[in-house]
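This report concerns only the one structure given below.
The values are calculated or read from the model by the stated rules, or taken from the named source; none is laboratory data. In this text the structure is predicted, and so the values were computed from the model without any measurement. Quick reminder, even Gly has a Cβ in these numbers, built from the backbone with ideal geometry, and neighbours come from all protein chains shown. To get the accessible areas, we keep the full protein, side chains included, count just its heavy atoms, and leave off ligands, DNA and RNA. Shrake-Rupley method; radii C 1.70, N 1.55, O 1.52, S 1.80 Å.
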Amino acid sequence: MAAAAAGLAALAVVSSCGLTSGSPLVDDVQPGTLGRGKPLKGASLTVTSKNFSENIILGEMIGLVFKAAGASVLDRTNITGSIGAREAVKSGQADAMYEYTGTAWITYLGHTTPIASPHAQWQAVRDADLKNGLTWLPPSTLDNTYSLAVSARNEAKYHLRTLSDVAALARKDPKAVTLCVENEFASRQDGLVGMEKAYGMSLPSGNIQKMDAGIIYTQINKSNSCLLGEVYTTDGRIKSMNLTVMKDDRNFFPNYNAAPVIYSKAFRKHPVIARLLDPLSAKLTTAVAQQLNAKVDVDGQDPHDVAKDWLEKEGFIKAG
């Protein structure tokens, strides 16, 4: 009964995230260096992602590569929350997404201590998730880890460069350290809860404001409502707003290398997926992610267009 209840709960999560919606990719794209011979001709595949710019871009990349390789592709990207997207692939309602090794190791698989080696952490996640019906392909070097950031104005005032500096300020002047964070980060062991423990911080609840990720950057940069805010280290707004990212000097945060996660049944049916996505992952770096994310979050471009333009520029696909 417990297993059945867990299954129903998982389906409820997926349903609540609106996975039943989606739209076919209609782009007229052709093989470039990827998809020659259209090895996915006749296949019907669904791609998904979480609901932040980078992950949407990565999900769109998978879909466009599959499309160029001949597949019919249903786009179900932009699912709210991490668990909803994972459950979509785990249940077979979607076939592929980009996931992050640290998220899987800590949040999904329940470990409390990250593995220091990025490759070893990926291997551990890959091996553990096989029993969940998920196949992890080789990771990229793109490492989208958490941190806190401060505006140039407040950095000059408080001289904060590391998370240990933040902890020291919190002990010296508890009222000074105010944070803007997402709901998910506030409750995760690989987020605020674990960070406070690792750095010996105990911030009053009144010092912590919860809000959508997109608002956090503006609040850090232009208001006095929070001294520091949760940021993703690959976010293009960090550079555009001249924010200073705190160094994780105790190496608390896990490595969050992005890697394709494939519904194992779909992978067994279409093993060519590895040949299509491995070269893509090899090109994805933290610097590339920062550039692509900025096109969406700073310049206002559509994630699908950003993904398509980059794939064409790199020669992975061609316009039809």
- Enter the angle in degrees (range 0 to 90, nearest 10) between the Cα long axis of helix 213-222 and the first principal axis of the Cα atoms of the chain, meaning the one along which they spread out most. 40
- Find out how many positive minus negative residues lie around Arg250, taking Lys and Arg as positive, Asp and Glu as negative, among other residues whose Cβ is under 15 Å from that of Arg250. -2
- Query: Excluding ligands and nucleic acids, what accessible area in Å² is computed for Phe252 using a 1.4 Å probe, to the nearest 10?
  - Reply: 30
- Query: Roughly speaking, what is the centre-to-centre gap between the range 219-240 and the range 112-178 when only Cα atoms are used, to the nearest Å?
  - Reply: 15
- Task: Take the Cα atoms of the range 192-253, find their three principal axes, and give me the spread along each one in whole Å, biggest first.
- Result: 31, 26, 17
- Item | Hz values of 3J(HN,Hα) by residue in the range 258-273 - Karplus curve (6.51, -1.76, 1.60), Gly and Pro given as x | 7, 9, x, 10, 10, 4, 4, 5, 5, 5, 5, 6, 10, x, 4, 3
- Proximal lysines to Lys313, defined as alpha-carbon separation beneath 27 angstrom and excluding residues fewer than eight positions away on the same chain: Lys38, Lys41, Lys50, Lys67, Lys239, Lys283, Lys295
- Projected area averaged over orientations for the range 45-122, convex hull of C-alpha atoms, nm²: 5.5
- Message: Percent of Cα-Cα pairs more than 18 Å apart in the range 68-188, please.
- Response: 65
- Message: Report D for the range 205-296 in µm² per second (integer): Stokes-Einstein, Kirkwood Rh on Cα pairs, 10 °C, 1.306 mPa s.
- Response: 98
- Query: For the range 240-251, in order, what is each residue's ³J(HN,Hα) by Karplus, 6.51 cos²θ - 1.76 cosθ + 1.60 with θ = phi - 60°, in whole Hz (x at glycine and Pro)?
  - Reply: 5, 9, 6, 8, 9, 8, 5, 6, 7, 6, 9, 6
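Could you tell me what fraction of 2.2 N^0.38 Å the Cα radius of gyration of the range 114-252 comes to, as a two-decimal ratio?
So the Cα radius of gyration is 1.13 times the expected 2.2 N^0.38 Å.
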- Binning every alpha carbon pair distance of the chain at 10 Å from zero, what are the percents per bin? 6, 26, 33, 22, 10, 2, 0
- Task: Between the alpha-carbon centers of the range 262-279 and the range 31-101, tell me the distance in whole angstrom.
- Result: 11
- Show the residues, 5+ positions off or on another chain, whose built amide H is closer than 5 Å to the amide H of Ala71. Leu40
- Task: Note down the net charge around Leu284, summing +1 for each Lys or Arg and -1 for each Asp or Glu among other residues with Cβ under 12 Å from its Cβ.
- Result: -3
- For the range 156-233, what is the Kirkwood estimate of the hydrodynamic radius, computed as the reciprocal of the mean inverse distance between distinct Cα atoms, to one decimal in Å? 12.7
